[in-house]
Each structure stands twice: as C-alpha cells, then as structure tokens.
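Below is one structure, written out as structure tokens; the observations come after it.
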Amino acid sequence: MAILKSSKLPAVLAAVLCLSACGKGGSVFHHMKPEAGDVAVAKVGNDTIWTSDVKREAVAQGLIGEGEPLDATSDQFRRTLDQVVDQKLLANEASRQDLDKDPIVRRRLQAAHDKLLGDVLVESVVDKAVNDNAIRALYQEQQRLSHTSEEIHARQIVVATDADAEAIKKLLSTGASFDALAMQRSTDAATRFNGGDLGYFTLDAMPEAYGAALKTAKIGETVGPFKTDGGVALVRVEDRRPEKPISMEEARPQIVRFLTYDEIRTLLTKLRAATQVQILISVPPGGGAPEPASAPPGSFPKAATPAPVVPVSPLAADASKAKK
C-alpha cells in the first residue's frame, strides 16, 4: 500500500474537533460502512476512511457539487484523501491529549453536533417535501395566476439633441436604413453596433419614456424623438408578440428555493409553538423574535397564493441598464 504524502495541515480547528469527537467515543463505527457500496480507502491507526468521507470533504470545500461523482483514481481524490488523513491524525492527537474534555471544547463539539443533526433533519424534511409533484403543482398555480404581458422588439437611435434627431428622422422618411443610421449616428454604445437592436422586452422593463412612446406604436412604426436619460431617442417597432411564459425548468431553481425555505419556516414555527423558548436578554424597543428561516430576497413570498413569477427578457434588462 502506498504511503500518502502529507499535505498542508487544515487550518479549521472546528473540523478537527468534530473529528476528534469520533476519535474515542465513536470507535464502534470505525469499521462500519457509512453508506451502501462504500469502499475503504485508507486506515489511520484503527480508524477507517471511506470513499464517502473523502467525497463529503470535497463537497464541503466546494470542489464538487452534492451528488457529483469523484473518481477514486483522480489526483483530486488523492489530494482530498490526504487532507482527510491529516484531519484524522490531528483529531486523534487532540483526543490523546484529552482536549475533548475541556469544557469550552465540549461546548463547541455540542454546537457542531447540534448543527449537524439540525442539517440532517432539514435535509430529510426537504427531501420529502420538495419533489417533482410539488414543483409541478406550484408552477401550474403560478401559470394560472400570471398575467401574460406583451413583448416588443425594437431598434433605437440615440443622439444628443432634438435637431440631430429631426435630421435623422428626415433621412428615414426618404428610405434610409434605420440599422445603418443607428451604427453611424447613435451615441448609445450598448446598441449602436448591432443596428440599435434592443431585442424583445416588456414595457415595464424599460425606462418610463419608452413605455409612454411605445405603448400604442404599431409594427413598422418609428416613434419619437423623445427625451431619455441618454439623450434624444428615435425607436422603430420591429415586432409585437405575447410574452412567452417561463418554462418549468427555467422556474425550477426559484420554485425549489421557495419550497425549501417555506418548509423550513413551517417546521421551525411548529417546533417553536411546541417548545417553551425563553430569551434571557433584553430585547431592543420595537424588536422581537425574528421570523424563523425567512426566505432570501427574490424568493416567493409567504402566502397562501404566491405572487406570479414575471420573467424579464435578458436583452431588455441589459437595454434598461444601459439607459440608466
């Protein structure tokens, strides 16, 4: 058996202490397979290191995603295995020195133990609740509640003054190419080199002046000039069409995020209601117990009927940013 060359010792003491908890009290598990099909890849004294231990460390370091494979013959696997061995050596030595009996260390071990168990519970609850049926049901509800907007495809020419805009408008009336004039005369760096193309967008994604000018414009019509933040604009409508609804696969990440946080919030609300929790420090005026597991910005709101997801055209969003 090849002897592994030791890499840099890990700097995270918490990880070492967590492993040290298994150094003495966990010896009964040393030779048990943590997962079905696990393979022993190293031994450190009497402790066995399994492929799942190495993969878990790789996930923790962000080297691979949860559930992604890690080839046991790869350099990455060997480097990560090296680090797991180092952690185990440090943990065993800490245990030999009875560091795990220090009251402060025991509190830290308990905190790590609580966090791990809490995470496992959350994973278990979420795995049961966040499934294809739940995702499909929420997506269909969103589609039922959503109001389809109209998308407009347009091109623009932005210039500095009204006089410049009127001169270009006169050229357009004689049959000059809008695309060519946009490339030659427009001052908008974001669109001039593609003939002023704004792509498809909804009016709510554009500055107010564009919404007012384009609201009733017909296909092929040139509107303006009108003032914008970037100068004076002339806009030609290329097409109008119903907004394409977001697909379930496009909406899936946002739906999964909402269902996950909603499930955690429901669980914590239930647990808080069933357990007496006393806060032993003073609460600032206007303060109070925070809402458990509140959802991050951009997720669905907590409501019996979540607000509909309104997709925005990336081109329109880029064009909108260019104006601001």
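The values are calculated or read from the model by the stated rules, or taken from the named source; none is laboratory data. This one's a predicted model, so the numbers in the text were calculated from it and none came from an experiment. Positions of Cβ are backbone-derived with ideal geometry, glycine not excepted, and every protein chain shown enters the neighbour counts.
Considering only residues in the stretch 151-188 that are among the basic types (Lys, Arg) and touching a helix residue (DSSP H, G or I) at 6+ places or on another chain (Cβ under 8 Å), the one that is farthest from Tyr200 (Cα to Cα) turns out to be Arg185. Among the residues of the stretch 215-252, the ones that are farther than 24 Å from Arg185 by Cα and outside any loop (DSSP other than H, G, I, E, B) come to 8 in all. Scanning the stretch 159-194 for residues that are crowded, with 18+ Cβ neighbours inside 10 Å and without any contact (Cβ under 8 Å) to a residue 60 or more places away in the chain returns Phe178, Leu181, Ala182, Arg185, Ser186, Arg192. Note on the stretch 248-274: residues that are under 14 Å from the mean Cα position of the chain (by Cα) and without any contact (Cβ under 8 Å) to a residue 60 or more places away in the chain amount to 4.
No other residue among Thr216, Thr260, Thr228 is under 30 Å from Val122 (Cα atoms) and among the hydroxyl-bearing types (Ser, Thr, Tyr) apart from Thr260.
Name the single residue, out of those in the stretch 126-158 being surrounded by fewer than 18 Cβ atoms within 10 Å (Cβ to Cβ) and among the small types (Gly, Ala, Ser), that is farthest from Gly211 (Cα to Cα). Once the filter is applied, the top-ranked residue is Ala129.
Number of residues in the stretch 207-248 that are surrounded by 12 or more Cβ atoms within 10 Å (Cβ to Cβ) and under 30 Å from Leu145 (Cα atoms): the value is 16.
Select from the stretch 266-292 the residues that are surrounded by 10 or more Cβ atoms within 10 Å (Cβ to Cβ) and modelled with pLDDT under 85 and write down the one among them that is nearest to Val122 (Cα to Cα).
Only one residue fits best here, namely Pro292.
Residues of the stretch 56-76 that are in a helix (DSSP H, G or I) and either loosely packed, with under 15 Cβ neighbours inside 10 Å or free of Cβ contacts under 8 Å to residues at least 24 places away in the same chain (or both): Arg56, Ala58, Val59, Ala60, Asp75, Gln76. For Lys128, the conditions (1) more than 17 Å from Glu238 (Cβ to Cβ); (2) touching a residue at least 24 places away in the same chain (Cβ under 8 Å); (3) assigned to a helix (DSSP H, G or I) are fulfilled apart from (2).
Can you give me the number of residues within the stretch 142-173 that are of a type outside the set (A, V, I, L, M, F, W, C), assigned to a helix (DSSP H, G or I) and modelled with pLDDT of 85 or more? It would help to see each step written out before you state the result.
Taking the stretch 142-173 as the starting set, the residues that turn out to be of a type outside the set (A, V, I, L, M, F, W, C) are 142-144, 146-151, 153, 155-156, 161-162, 164, 166, 169-170, 173.
Applying the additional criterion that residues be assigned to a helix (DSSP H, G or I) yields 142-144, 162, 164, 166, 169-170, 173.
Checking which are modelled with pLDDT of 85 or more leaves us with 162, 164, 166, 169-170, 173.
So the count comes out to 6.
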